[in-house]
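**Q** Just dropping this structure here.
Just so it is clear, none of the values below were taken in a lab; they were calculated from the coordinates. Every value quoted in this text rests on a predicted model; they were computed, and no experiment measured them. Here the Cβ is made from the backbone with ideal geometry for all residues, glycine too, and neighbour counts use every protein chain on show.
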Amino acid sequence: MLRGASAEAKAELCSRLEGLTGDAATLGEELFAVAAVLRGEAAVRRIATDASIEGEAKAGLIGNVFGSALGTDALDLVKDAVQRRWTATRDLADVIEYLGVLATVRSAADEGGRISDELFEVRQMVDSYPGLRSALSDPARSTADKSDLLRQLLDGKVQQATLRLVGQAVSGSHGSVDRGLEEFQHIAADAKDEKIATVHTARELSDGERERLAEALSQQYSTDVHLQVVVDPDVIGGLRVEIGDDVIDGTVSSKLDDAQRKLAG
């Protein structure tokens with residue numbers, strides 16, 4: 001969670017991103033590349049976030065480091081970012097990556113609403129195949145190798161924007177592929193003014209049940225709520241719903257656990 005100056009900088013940069021009209025896909029890729037440099041080059045990162053250095057000097061550094069590798073939109077956005085104040089040095093790269101995710105979602109235009117679902121399905125796939133999960137967490141495999149592996153599995157099955165986000169999720173900056181995919185899911189939902197509700201249930205929900213649950217949650221949270229359903233054999237009756245930091249647990253297993261704790265107490 002960003003705090004103070006970093007939160008303010010993020011909000012202002014997001015607003016500026018909204019006003020850009022260039023190629024969103026290219027912008028996203030360029031911002032991901034900048035985030036990678038900032039994370040990998042400590043000296044550049046320190047200078048770019050040093051409040052004692054004049055903003056124009058830091059903008060000049062960015063121009064020298066990236067030169068013609070960035071388009072006008074990306075270069076101007078990053079120059080703007082380094083001239084702002086940051087609460088922690090790592091926040092700059094995190095926000096640049098966040099902007100890259102937003103640009104990538106925008107590149108899908110009207111199909112952007114599918115991205116969150118597709119990322120969820122990729123997470124489910126990774127979780128279902130231990131061999132794939134091990135390959136993606138293997139420190140001996142390069143990021144490019146892991147990205148190529150997922151691209152081979154997913155090519156033609158998801159949108160290009162989703163493929164780009166999957167590639168970014170395996171960069172290692174999030175600790176695990178699953179964590180990166182989950183974070184990007186929520187950013188994609190936020191970009192479409194939605195919240196994600198992860199629903200754990202012992203069986204598949206019918207279309208009618210999904211519709212009624214989504215409507216009830218949307219009313220409760222005063223925004224559109226998108227369901228992502230996980231069939232979980234550990235759930236005994238009822239549902240467990242996770243939405244943001246909230247957990248709504250109406251499962252029998254939860255009630256049994258509560259009863260056991262009371263008996264043990």
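**Q** Below 19 Å Cα-Cα, how many Lys pairs turn up in the chain? Only count pairs eight or more apart in sequence, or on different chains, if you could. Let's see the in-between values first.
**A** On the way: Lys10/Lys58; Lys10/Lys79; Lys10/Lys192; Lys58/Lys79; Lys146/Lys157.
Taking the Cα cut-off of 19 Å, the pair count is 5.
**Q** Which of rounded, prolate or oblate describes the range 199-255 when judged by the alpha-carbon gyration tensor and an a/c cut-off of 1.5? Each step should come with its number before you reach the end.
**A** Numbers: a/c = 2.14, a/b = 1.41, b/c = 1.52.
Oblate is the answer for the range 199-255, as a/c is 1.5 or above yet b/c matches or exceeds a/b.
**Q** Residues with beta-carbon under 13 Å from that of Lys157, excluding Lys157: net charge, scoring Lys, Arg +1 and Asp, Glu -1?
**A** Working: positive: Arg114, Arg151; negative: Asp117, Glu118, Glu121, Asp155.
Surrounding charge for Lys157 is -2.
**Q** So how many Å³ per residue does the convex hull of the Cα atoms of the chain work out to?
**A** On the way: hull volume 46.4 nm³, N = 265.
Residue-normalised Cα hull volume stands at 175 Å³.
**Q** Still on this structure, please answer the following. Taking H placed 1.01 Å from N in the peptide plane, check which residues at least 5 places from Tyr129 or on another chain put their amide H under 5 Å from its amide H.
**A** none
**Q** Another question about this same structure. What length, rounded to one decimal in nm, is gained on full extension from Tyr221 through to Asp76, with 0.36 nm per residue of separation minus their alpha-carbon distance? Mind dumping the intermediate values first?
**A** Working: separation 145, 0.36 × 145 = 52.20 nm, distance 3.66 nm.
Full extension of this stretch gives 48.5 nm more.
**Q** Using a/c under 1.5 as the rounded threshold, could you call the range 2-70 rounded, prolate or oblate? The axes a ≥ b ≥ c are square roots of the C-alpha gyration tensor eigenvalues, and prolate needs a/b larger than b/c, oblate otherwise. Could you put the intermediate results ahead of the total?
**A** Numbers: a/c = 1.66, a/b = 1.14, b/c = 1.46.
Note, shape of the range 2-70 comes out oblate.
**Q** In addition: Across the chain, where is the longest run that never hits GluC sites (Glu not before Pro) in a DSSP loop with at most 11 other C-beta atoms within 10 Å? Before the final figure, lay out the partial values.
**A** Numbers: sites that count: Glu54, Glu204.
Formally, the longest exposed-site-free interval is 55-203.
**Q** Something else about it: In the range 62-169, which chymotrypsin sites (Phe, Trp or Tyr not before Pro) fall in coil by DSSP and have 10 or fewer other Cβ atoms within 10 Å? Could the numbers behind the result be given before it?
**A** Details: sites: Phe66, Trp86, Tyr98, Phe120; in loops: Trp86.
Answer in residue order: no site qualifies.
**Q** Quick check on the chain: of the DSSP beta bridges with both residues there, what percent are antiparallel, nearest 5%? Please report the intermediate quantities before stating the final value.
**A** Working: 9 of 17 bridges.
About 55 percent, rounded to the nearest 5.
**Q** Ok, one more. Mind checking which helices in the chain clear 30 Å along their axis (Cα) and have mean Kyte-Doolittle hydropathy of -0.5 or more, DSSP H runs only?
**A** Details: long enough: none.
Flagged H segments: there are none.
**Q** Okay, moving on. Among the trypsin sites (Lys or Arg not before Pro) within the range 20-88, which fall in a DSSP loop and have no more than 14 other Cβ atoms within 10 Å of their own Cβ?
**A** Details: sites: Arg39, Arg45, Arg46, Lys58, Lys79, Arg84, Arg85; in loops: Arg84, Arg85.
Counting only loop positions with at most 14 other Cβ atoms within 10 Å, the trypsin sites (Lys or Arg not before Pro) in the range 20-88 are Arg85.
**Q** For a quick check of your reading of the filter: which trypsin sites (Lys or Arg not before Pro) in the range 184-235 sit in a DSSP loop and have no more than 16 other Cβ atoms within 10 Å? Present the calculation step by step, with values, prior to reporting the outcome.
**A** Numbers: sites: Lys192, Lys195, Arg203, Arg210, Arg212; in loops: Lys192, Arg203.
Listed in order of number, the matching sites are Lys192, Arg203.
**Q** With Cβ to Cβ distances under 15 Å as the rule, what net charge do the other residues near Ala88 carry (K, R +1; D, E -1)?
**A** On the way: positive: Arg3, Lys10, Arg39, Arg45, Arg46, Arg84, Arg85, Arg90; negative: Glu8, Asp50, Asp91, Asp94, Glu97.
Summing Lys/Arg as +1 and Asp/Glu as -1 gives +3.
**Q** Compute the length gained on full extension between Glu121 and Ala7: take 0.36 nm times their separation in residues and subtract their Cα-Cα distance, giving the result in nm to one decimal.
**A** Details: separation 114, 0.36 × 114 = 41.04 nm, distance 3.04 nm.
Full extension of this stretch gives 38.0 nm more.
**Q** If you don't mind, another one. Could you work out how far apart the two model spin labels at Ser134 and Ile236 are, taking each label as a point 7 Å from the Cα in the direction of the beta carbon, and quote it in nm?
**A** A separation of 3.3 nm, rounded to one decimal place.
**Q** To check my understanding: the extent here is largest minus smallest coordinate of the Cα atoms along each principal axis. What are those three numbers for the range 31-180, in Å, largest first?
**A** 50, 37, 27
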